[in-house]
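Here's the structure we're looking at; comments come further down.
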Amino acid sequence: MNSAGTIKGQTGDWEIVIGMEVHAQVLSDAKLFSGASTAFGAEPNSQVSFIDAGMPGMLPVINRRCVEQAVRTGLGLNAKINLTSVFDRKNYFYPDLPAGYQISQYKSPIVGEGEVLIDLADGTTIPVGIERLHLEQDAGKSLHDQHPDHSYLDLNRAGVALMEIVTKPHMRSSEQAAAFLRKLRAIVRYLGTCDGNMDEGSMRADVNVSVCRAGGYDKFRATGAFEHLGTRCEVKNVNSLRFIAQAVEYEARRQVDILETGGTIRQETRLFDAKAGETRSMRSKEEAHDYRYFPDPDLLPLVLDAAWVGEIRKSLPELPDEKKARFVTLGLSAYDASVLVAERDTADYYEAMLASGAEAKAAANWLNNEYFGRLNKAGLAIADGPIPAKANSAIVQMVSSNLISGKIAKDLCDIVWNEGGDPREIVEARGLRQVTDTGAIEKAVDAVIAANPDKVEEVKAKPKLAAWFVGQVMKQTGGKANPQAVNAILKSRLGLPEEG
Amino acid sequence: MSELTDLTLAEARDAVRAKKVSSVELTRAFTGAVEAARPLNAFVTETPERALEMAKASDARIAKGEGGLLEGLPLAIKDLFCTKGVRTTAGSNILSNFVPPYESTVSQNLWDAGAVMLGKTNMDEFAMGSSNETSHFGPVFNPWRSRSSNAKLVPGGSSGGSAAAVSGSLCLAATGTDTGGSIRQPAALSGIVGLKPTYGRCSRYGIVAFASSLDQAGPMTRTVRDAAILMRAMASVDPRDSTSVDVPVPDYEAGLDAGVKGLRVGIPKEYRIDGAPPEIDALWAEGVAWLKAQGAEIVDVSLPHTKYALPTYYIVAPAEASSNLARYDGVRFGRRAQGVRDIVDLYEKSRAEGFGREVQRRIMIGTYVLSSGYYDAYYIRAQKLRSLIARDFDEAYKKCDVLLAPATPCPAFAVGEKTADPVSMYLNDVFTVPVNLAGLPAIAVPAGLTKDGLPLGLQIIGKAFDEATVLRAGRAIEVAADFNAKPERWWRAA
Amino acid sequence: MSVDKDTVRRIAKLARIALDEGRVEPMAAELNGIVQWVAQLDEVDVTGVAPMTSVVAQTLKMRDDVVTEGGTADALMANAPDGEDHFFVVPKVVE
Ligand SMILES: [Mg+2]
Ligand SMILES: [Zn+2]
């Protein structure tokens, strides 16, 4: 589905328009403005400096690595790097916000406009505009269910660096929204700027959804005027790729139902309830906010050296889009290539197979048609699968060089999956080499023909039955006979035409 | 008048170095003076035991031939500097039980130089005040009294406790902080020297923040030489403060007596204000004559935006303060109100109980000027004015090297005299505030007495990071003024 | 611009300072006094003037990405009005 997700209403068609704000935790050892650790899952308040706790007189000093990661991500998003950016204070009271303000970037973010290409199921690719990326501090964590009338505060996360990545309202369906988040996650993982781990909250998406009458979106794109779009609702903290589609579908339908019954959409913050599969209003966020942003006087404007940005640009790894293009030049289909580059781990695995000698197309086919299925069935990520890239590469190479048959390759894969070991050694030790010795194959063919005179008669009328003979011969040889050789000998012995 | 407590910092340093007096003797003299001066209410927390321990350690180092710039010298620390293990209140009820687990960079620099801590001095709450009357721990009384009355006078503020402690010879010197005049104004009202260095010269790490873009620590001393000595020890380049500037700290004492021959001294005409007592103008004219007599070249300059400095300050400083003071919420440290319904109630009651009226007023103003719809009209406009004020100084310094101005528009006033009208209190800082807005160094030097016998100060304002010239010109004023008057020690009888 | 009583209540709420009803009126008067006094800034033409963004002329210093702090939960909790098992404790927060 390349075009907009259209919702059929009773009064006509509606279009969905989606924008996203993604909070991605910067991969760094220490926090954005302090020397406390960012490691996940530590004892309460054990990774909190006096700065993070907002103690009197404590001052922020920025972590160079976090700045570098933001720049790197901006470059990965094909975005403009702002050589001067400013840290502002966003003022509000909340127990998990120790200083009473969050240091963030409001008017002058470190990264400006950019673009991400997303790959859709129908094989098309569409661009999604990036509005900005800015650096800010994460908040602490409040635990509310430990005690009937107390909340407990753990500030370990307080001050961890986040990149807030804001898109333009360029996504038009739940599929596109999910594809964007998947692509963004792939990019930051390729870059090594965020681990993309949504379970641990390293990546959190807030999704802005609105609906408008068919045609409204095109008018918006043509004029830039938001009046052509509907009122949006922000769905907070959608924490998995699966939920994002559900949340968008539900929220869009809800808005259409309201509009079609003569209601109006109230701009509000809503929470996705994964259990119920619905969004609901967050009343607590409804009170009027007035964040009183102003430049943080404890910090100076962040001025980047253009040469440093240039060095970071030079150090960027090959990103999914470039990698995909390169894979296509190796003979892969666009679809196969996009599957292989979708996750950095997958692409790395595939490239490791090529590096140890597998042919590009054969390796891609083997992964897409064989190995990924096995991983899926076992519920394993590629990094956790039991067969190393080198071993799968060996299997693919042995097939390509006719050392083993495709059938044996599958059996061999079973053996390596369950028992481990070097595939080449296993083939030798267990005598799995393909039989290419014509004498031995002829013997097996003759034996099958001799044992089945009735079938020999039948095959003359129905040449397709030849396959049955091939199967029997393979059985006799324990699957090791070279199928082409078996075919050729059978045909000559049975007097069948070559093209059969 | 041959008590140990009458020594200047320089004299005490030389005596200790020459082993004419031990740090323990010196320290005992001062802890005694501190105790005897409790009627002044200059200290929030006295630390005599710690002082004695530090003094003993100093004497041990001196005996071994070691020792830093301030070895064995007893100082008082404004209670805005966090001192590890010693209660630090910022003059506020909300921090009345706060014991920092860390040391401010400036105080650490002093201990590293061998100084001895006598205690923490009283101050206006969160440094918001010009009379030391907003302290939760009660007002500080100026050691000086008028010849015509025994009324208790304010020492100025916010570093009023430090000013009184230095003026009353309760310590050799003290630290202060200056956001809009809080070192120079109390120094002038208490007859001592106060130096506010260039913004970025002293680390702000560990100093309870009032207005981050304006706050600077500096020395409060009895002589200009002492200010030079203490300044050198306080200043440092600190990786823990993003606004600490990476310039070397010179030996300020070395060039102190080089004189002002050929120095171009600017006289800013806008500092002549209507309604100021004639004594202020007269003293200023005298100052001009003194410097001229010593060979300085006098230049008339203009700082056209001077009159806008105070209103600009009263937007910028409260705005920053309203945000800086949000952390006092009764959750992680500080006072928490009892019997609260929920978290919002906890915040609102803890802050209402913990902050005094002036602090609340400034938080309210700051919140207002930053709030939606007012930000551009107030805060942004004020920051533009600040650019213009800083530009005025840049222009003036094309024609001169330092500026000479009065330090305050009036001498010490009576306790309670200006508390009813906030704006009249704010006007106290009319001559000091522009300097903070521009981030420049300036010194207040005692230069004369009113006919009622109260001290008045003159101010030398310098170029950024040119404290050396400021001190040299200040020394020239000090020499010419020959200010030797001391307050009577009436509190000892009290 | 003048500060009315509703504004005072709103600002006090934003600043999280409990203000007894009896203090609203005097606070409005005090704030008005200050606001009217600072209004003199309006007479200055500030067109083309950039707001001051930093007092010192230097670029933002950066720290290395090294863990140098933490592991000080006891010291962190020492001043806490209420704490338990290294957690800060507050009245239940309803989300
Ligand atoms: Mg956001
Ligand atoms: Zn954010």
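Nothing in this text is a laboratory measurement; each read-out follows from the coordinates by a stated rule. Just so you know, these numbers come straight off a predicted model, no measurement behind them. Note: ideal-geometry Cβ built from the backbone for every residue, glycine included; neighbour counts use all protein chains shown.
Values as computed for the structure displayed
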{"item": "Peptides B:141-152, B:424-435, A:443-454, B:382-393 ordered by average Cβ neighbours within 10 Å, highest first", "result": "B:424-435, B:382-393, B:141-152, A:443-454"}
{"item": "Ratio of the Cα radius of gyration of the range A:325-429 to 2.2 N^0.38 Å, where N counts its residues", "result": "1.01"}
{"item": "Interchain or long-range residues, amide H under 5 Å from A:ILE62's placed H", "result": "C:ARG63"}
{"item": "Between the range B:319-390 and the range A:338-371, the Cα center-to-center distance that results, in Å", "result": "58"}
{"item": "Inter-probe distance in nm under a simple model that places probes 7 Å from Cα toward Cβ, at B:VAL299 and C:GLU21", "result": "6.3"}
{"item": "Percent of Cα-Cα distances greater than 15 Å, calculated over the range B:307-385", "result": "59"}
{"item": "Rg/Rh (Cα only; Kirkwood hydrodynamic radius) as it applies to the range B:351-481", "result": "1.04"}
{"item": "Within-11-Å neighbourhood charge of B:PRO239 [Cβ basis; K, R +1; D, E -1]", "result": "-1"}
{"item": "Helix axis angle, A:174-191 relative to chain A longest principal axis, alpha carbon, degrees", "result": "90"}
{"item": "Ascending count of other beta-carbon atoms within 10 Å, so fewest first, for B:TRP284, B:TRP490", "result": "B:TRP490, B:TRP284"}
{"item": "Largest-first ellipsoid semi-axes for the protein assembly as shown, taking √(5λ) over the Cα gyration tensor eigenvalues, angstrom", "result": "74, 32, 26"}
{"item": "B:VAL44 long-range amide H proximity, modeled H, under 5 Å", "result": "B:LYS120, B:THR121, B:ASN122"}
{"item": "Hz values of 3J(HN,Hα) by residue in the range B:399-404 - Karplus curve (6.51, -1.76, 1.60), Gly and Pro given as x", "result": "10, 8, 9, 9, 10, 10"}
{"item": "Sequence of B:PHE413, B:PHE126 once ranked by neighbouring C-beta atoms within 10 Å, starting from the fewest", "result": "B:PHE413, B:PHE126"}
{"item": "Average projection area in nm² (convex hull over Cα atoms of chain A, one quarter of hull surface)", "result": "32.8"}
{"item": "Binned Cα-Cα distance frequencies in the range B:1-154 - 5 Å width, integer %", "result": "2, 10, 17, 19, 18, 15, 10, 6, 2, 0, 0"}
{"item": "Förster radius 22 Å - calculated FRET efficiency between A:LEU143 and A:GLU268 (Cβ-Cβ, nearest 0.05)", "result": "0.25"}
{"item": "For chain B, convex hull of alpha carbons as volume per residue, Å³", "result": "141"}
{"item": "Chain B - mean residue ellipticity at 222 nm from DSSP helices (-39,500 (n - 2.57) per run, n ≥ 4, rounded to 500)", "result": "-11000 deg cm²/dmol"}
{"item": "Near-label residues of the range B:170-195 by backbone N, under 12 Å of a point 7 Å along Cα→Cβ of B:THR8", "result": "B:193"}
{"item": "Degrees, to the nearest 10: A:406-419 long Cα axis against longest axis of chain A", "result": "50"}
{"item": "Contour minus Cα-Cα distance for B:ALA18 and B:ARG272 (0.36 nm per residue)", "result": "86.7 nm"}
{"item": "Karplus (6.51, -1.76, 1.60) ³J(HN,Hα), θ = phi - 60°, over the range A:80-85, in Hz, Gly and Pro reported as x", "result": "6, 8, 8, 5, 10, 9"}
{"item": "Cα extents of the range A:438-494 along the three principal axes, largest first (Å)", "result": "28, 20, 17"}
{"item": "Out-of-range pairs (alpha-carbon distance over 31 Å; input B:LYS261/C:LYS61; A:LYS31/A:LYS236; A:LYS275/A:LYS323; A:LYS407/A:LYS455)", "result": "B:LYS261/C:LYS61; A:LYS275/A:LYS323"}
{"item": "For the range B:155-299, the Rg and Dmax computed from alpha carbons only, in angstrom", "result": "16.5, 47"}
{"item": "Net charge of neighbours whose Cβ lies under 12 Å from the Cβ of A:ASN208, counting Lys and Arg as +1 and Asp and Glu as -1", "result": "-2"}
{"item": "0 to 90° range, to nearest 10: angle between helix A:344-355 axis and chain A longest Cα axis", "result": "40"}
{"item": "Over chain A: helical MRE at 222 nm, DSSP H runs n ≥ 4 each giving -39500 (n - 2.57), nearest 500", "result": "-11500 deg cm²/dmol"}
{"item": "Neighbour-count ranking [beta-carbon atoms within 10 angstrom, fewest first] of B:SER104, A:SER393", "result": "A:SER393, B:SER104"}
{"item": "Mean Cβ neighbour count within 10 Å, used as a protection proxy, ranking A:326-333, A:186-193 highest first", "result": "A:186-193, A:326-333"}
{"item": "Cut-off 18 Å (backbone N to label point 7 Å along Cα→Cβ of A:LYS219), residues of the range A:226-261", "result": "A:226-232, A:256, A:259-260"}
{"item": "Under 5 Å, built H, 5+ apart or other chain: amide partners of C:PHE87", "result": "none"}
{"item": "Sorted peptide list for B:245-251, B:160-166, A:357-363, criterion being average Cβ within 10 angstrom, highest first", "result": "B:160-166, A:357-363, B:245-251"}
{"item": "Sites matching GluC sites (Glu not before Pro) across the range B:39-79 that sit in DSSP coil, with at most 11 neighbouring C-beta atoms within 10 Å", "result": "B:GLU66"}
{"item": "The range B:371-422 - convex hull of alpha carbons, volume per residue in Å³", "result": "120"}
